[in-house]
1. Of the conditions (1) in contact with a helix residue (DSSP H, G or I) (Cβ under 6 Å, 6 or more places away or on another chain); (2) touching a residue at least 12 places away in the same chain (Cβ under 8 Å), His122 fails just one. Which one is it?
2. Does the stretch 53-60 include one or more residues that are surrounded by 14 or more Cβ atoms within 10 Å (Cβ to Cβ) and not in a helix (DSSP H, G or I)?
3. Of all residues in the stretch 161-178, which are surrounded by 18 or more Cβ atoms within 10 Å (Cβ to Cβ) and either farther than 18 Å from Gly223 by Cβ or among the polar types (S, T, N, Q) (or both)?
4. Can you work out which of the residues in the stretch 145-176 that are modelled with pLDDT of 80 or more and over 16 Å from the mean Cα position of the chain (by Cα) is nearest to Gly224 (Cα to Cα)?
5. Quick test for you: out of Gly73, Gly44, Gly10, Gly36, pick the one residue that is of a type outside the set (Ser, Thr, Tyr), touching a Lys or Arg at 6+ places or on another chain (Cβ under 8 Å) and more than 22 Å from Val128 (Cβ to Cβ).
6. Just for the stretch 202-219: of the residues that are among the small types (Gly, Ala, Ser) and more than 11 Å from Val175 (Cα to Cα), which one is surrounded by the fewest Cβ atoms within 10 Å (Cβ to Cβ)?
7. Inspect all residues belonging to the stretch 122-137 and state whether any of them is more than 18 Å from the chain's Cα centre (by Cα) and more than 12 Å from Phe91 (Cα to Cα).
Amino acid sequence: MHAVAPSDAGAASSPVPGNGVQAVRRLRSCRVPGQGRLRACLPGPAAAGARRLLRAVRPDVVHVQSHFQGGRGLLAGASAAGCPTVATNHFMPENMLQYARVPAVLTDRVSRWAWRDLARVHEPADVVTAPAPRAVELLGARAGLPGRAVFCMPGIAELQSLVMLEAMAAGRRVVAAEAVALPHLVHPGRNGLLYRPGDVAGLAAALADLLADPATRARMGAGGREAAAAHDLDAALDVFEDVASDVRGGAARVRVRRSVAGVV
């Protein structure tokens, strides 16, 4: 694996070992006025540097985490070379406008331009992802990028995954590791799919199956909302009120079992 980032000193650097990464390759950058130590790549040097890196590394897949200069240079170069590409969007124009000195009368126009620019940069990617269901919805509504939302939880230390419940409540189909408490939330064939931790091929197959099957996604989305409803606030409060009542009644040493909230 090779990571690419702006240099922290200006000039482009040769590959250096990274923590858990085969090499970190840094593109030429310049200081952003008024932003302390923040540095950014200029469009021309970033695109040229990205092309050089792609020729040197010849990656199997390019995955960009930003559509700004370094990311867009890599994405454009990889797409032109026929290399598979994935783009993950973490950007919200509205967040940028909180810090940019844009007159209030122009904020809507600038926001629309920023969404169009994001869509243009991401359009060549084979897959565009976002970190949350709402982020996927915004990519469709604001950037016009089609969404086939599937939520993936690869964690193997989840006792109760709140983000998983949020995704299910939003009607998202889920793919999760078959570990700890996740199988209690994900019922294969009903509201999602499970894969064995560490089975990369199994994870890829589960994601591909859901992304390719709109009918199954719709059915599992409805199943997810139903499953999440059993864990809503009212249900949880009812369980803990029962626990408090039992304790007040002298049953402090009696284990109280409730399947909904998992109280023991």
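1. It fails just one condition, (1).
2. Filtering the stretch 53-60 for residues surrounded by 14 or more Cβ atoms within 10 Å (Cβ to Cβ) gives 53-54, 57, 59.
Filter once more, so that each one left must be not in a helix (DSSP H, G or I): 59.
Within the stretch 53-60, one or more residues are surrounded by 14 or more Cβ atoms within 10 Å (Cβ to Cβ) and not in a helix (DSSP H, G or I).
3. The initial filter retains those residues of the stretch 161-178 that are surrounded by 18 or more Cβ atoms within 10 Å (Cβ to Cβ), namely 161, 164-165, 167-168, 170-177.
The answer is Ser161, Ala177.
4. Per the stated criteria, the residue is Ala169.
5. On the way: Gly73 fails: more than 22 Å from Val128 (Cβ to Cβ); Gly44 fails: touching a Lys or Arg at 6+ places or on another chain (Cβ under 8 Å); Gly36 fails: touching a Lys or Arg at 6+ places or on another chain (Cβ under 8 Å).
Exactly one of Gly73, Gly44, Gly10, Gly36 is of a type outside the set (Ser, Thr, Tyr), touching a Lys or Arg at 6+ places or on another chain (Cβ under 8 Å) and more than 22 Å from Val128 (Cβ to Cβ), namely Gly10.
6. Of the residues in the stretch 202-219, the ones among the small types (Gly, Ala, Ser) are 202, 204-206, 208, 212, 215, 218.
Next cut, more than 11 Å from Val175 (Cα to Cα) only: 212, 215, 218.
Numbers: Ala212: 10, Ala215: 7, Ala218: 12.
If we take residues in the stretch 202-219 being among the small types (Gly, Ala, Ser) and more than 11 Å from Val175 (Cα to Cα), then Ala215 is surrounded by the fewest Cβ atoms within 10 Å (Cβ to Cβ).
7. Within the stretch 122-137, the subset more than 18 Å from the chain's Cα centre (by Cα) is 124.
Filter once more, keeping what is more than 12 Å from Phe91 (Cα to Cα): 124.
Yes, there is a match, as at least one residue in the stretch 122-137 is more than 18 Å from the chain's Cα centre (by Cα) and more than 12 Å from Phe91 (Cα to Cα).
For (1) at pLDDT 85 or above; (2) surrounded by fewer than 14 Cβ atoms within 10 Å (Cβ to Cβ); (3) under 21 Å from Pro45 (Cβ atoms), each residue gets a yes or a no:
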residue	(1), (2), (3)
Phe68	yes, no, yes
Leu106	yes, yes, no
Arg112	yes, yes, no
Asp117	yes, no, yes
Asp126	no, yes, no
Ala135	no, no, no
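The values are calculated or read from the model by the stated rules, or taken from the named source; none is laboratory data. Just so it is clear, the model here is predicted, and its values are computed rather than measured. As a convention, Cβ positions derive from the backbone with ideal geometry for all residues, glycine included, and neighbour counts pool all protein chains shown.
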